[in-house]
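This report refers to the structure that appears directly beneath it.
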Amino acid sequence: MTSQNEESNIPRRTFCNRLLLTSAGLALAASDLKGQPKSQHDTSLRYPPLRIEGAERVLPGSFLYFNYPRPNDPAVLVRSEDGEYLAYSRKCAHRGCSVDYDSSRRCLSCPCHQGVYDARTGYVVYGPPPRPLDQIMLQVRAGGELWAVGRRSGGELNAEQPIIQRRDG
């Protein structure tokens, strides 16, 4: 009769082979997950659509402050020199101060710690903010009305994906 201890023992060589194969499998799985582009992870959140009042009067190179998605969430609509609409949360990614549009420099700046964001992408240009501004997703509806339809966490997606959708009808 053999004891339970003797039955559960496996040869050292078998144990080492199993350990090596398991470790290699985990390493391959981890590198495969690391290699996936970030754009596969959708960081956008849908909120009830909100018509941006006065957006049609915003001239190229100008801006409009509004609130989205809730009444106490400040946002900014920027119209680039070429007429494209862009919108961002005004909450700085550093300490949450309210960023302002600087017309003379065509950027978004945080007065608290002198952080500066690019108004075309929301990316950090200068200062302490650790990441880009959150982006407000826009939609142009029939009659040229501009609507805020969601919010995307600041990051690489700001420059990669279109922010304005056209909806006819």
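FYI, it's all coordinate maths here, none of it is from the lab. Keep in mind that what you see is a predicted model, and the values were worked out from it rather than measured. Every residue, glycine as well, gets a Cβ built from its backbone with ideal geometry; the counts of neighbours run over all protein chains shown.
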Say the dipole of segment 39-166 comes from +1 at the beta carbon of Lys and Arg and -1 at that of Asp and Glu; which of 101, 50, 147 then lies farthest toward its positive end?
-> 50
Amide H neighbours of residue 62 under 5 Å, at least 5 residues apart or on other chains, H built in the peptide plane: list them.
-> 79
Interchain or long-range residues, amide H under 5 Å from residue 97's placed H = 92
Modelled label-to-label distance, residue 65 and residue 113, 7 Å Cα→beta-carbon offset: nm?
-> 2.2
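When you count, for each residue, the other Cβ atoms within 10 Å and take the mean per peptide, how do 45-52, 11-18, 103-110, 73-80 rank with the highest first? Intermediate values should be presented prior to the final figure.
Working: 45-52: 14.2, 11-18: 9.8, 103-110: 16.1, 73-80: 19.8.
Result, highest mean first: 73-80, 103-110, 45-52, 11-18.
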Once you put a point 7 Å from the Cα of residue 56 and another 7 Å from the Cα of residue 16, both along the Cβ direction, what distance in nm separates them?
-> 7.8
